[in-house]
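Following: one structure in structure tokens, then a few remarks.
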């Protein structure tokens with residue numbers, strides 16, 4: 001087993017109610033079974049535990065035993081639905097980690113580095129996993145460049161990046177809608193883009209109220225974007241009140257391309273003591289949809305032979321045989337009497 005190289009704070013939002021058709025005009029809840037996670041950003045000892053469950057109002061309670069060191073900050077990460085790990089890039093050490101979502105422990109992937117065209121690359125702004133479990137990286141450029149990631153299988157080798165193309169803008173987060181399979185990229189200052197993983201090109205553009213801060217009566221930017229199992233949108237954003245805490249917000253993706261996305265504030269990230277904290281690396285672990293209750297089967301009426309004609313046919317056959325025997329008996333009696 002690999003040595004644990006780092007532990008950092010993960011926060012989880014546990015669902016409280018099912019959102020069958022997301023329509024978040026007010027504060028929302030994740031679908032039952034979904035879990036929202038966020039890694040803490042360094043500079044604060046809050047929360048003290050590495051793994052936390054956060055209610056839809058932002059309050060958190062500890063899960064697991066790993067401690068938050070408060071020593072680093074991570075680029076937006078992504079939960080991989082295939083291998084069950086959360087992947088993130090450490091901005092301070094410039095290292096690539098896989099996270100155990102049950103304990104909060106982080107492990108280097110390979111030797112922890114990225115290689116691009118035989119050179120080391122460290123200007124990473126986001127990590128993204130698609131529905132098939134393929135991983136991608138986004139760099140700091142403006143516009144950002146999208147790369148595919150070939151994971152290292154050796155502790156002595158780096159993971160390898162391959163350039164796909166330029167994204168529509170500077171991108172801080174990417175996410176896939178599990179309902180449609182479409183992929184989206186978030187500009188922290190205003191727009192959400194639907195993009196192609198083939199060449200990183202823009203397919204559609206959705207303006208948001210992140211840029212104006214109207215959703216929180218402030219000037220908070222939107223850094224992390226994720227989709228729940230039902231296709232509902234969830235954002236991690238600056239609180240906008242200057243305290244440096246993170247805000248959880250919900251929204252609905254418009255049905256028409258180009259429609260504006262309106263965020264609704266859910267609550268500030270807070271620990272068990274009510275202390276606010278900041279996290280910028282987020283994701284959602286999709287749970288299984290609740291099974292529909294089994295309906296009692298309608299009483300089954302035994303199939304009557306009469307309904308198939310079988311019973312009457314059998315009776316008719318035996319009646320015919322009986323009559324034949326009687327007739328035969330009478331004939332035999334008469335024959336014997338005549339012979340006398």
Worksheet item: Residue separation times 0.36 nm, minus the C-alpha to C-alpha distance between residue 155 and residue 122: what's the value?
Response: 10.1 nm
Practice prompt. Evaluate E = 1/(1 + (r/R0)^6) for residue 132 and residue 59, where r is the Cβ-Cβ distance and R0 equals 35 Å; express this FRET efficiency to the nearest 0.05.
Written response: 0.50
Worksheet item: For the stretch 51-114, what Kirkwood radius comes out of the mean inverse Cα-Cα distance, in Å?
Response: 12.8
Worksheet entry | Fraction in percent of alpha-carbon pairs per bin - 10 Å, the stretch 119-184 | 21, 50, 25, 4
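Since every read-out is calculated from the coordinates, none of them should be taken as a lab result. What you are looking at is a predicted structure, and each value in this text was computed from that prediction instead of being measured. So basically every Cβ, Gly included, is an ideal-geometry build from the backbone, and we count neighbours across all protein chains shown.
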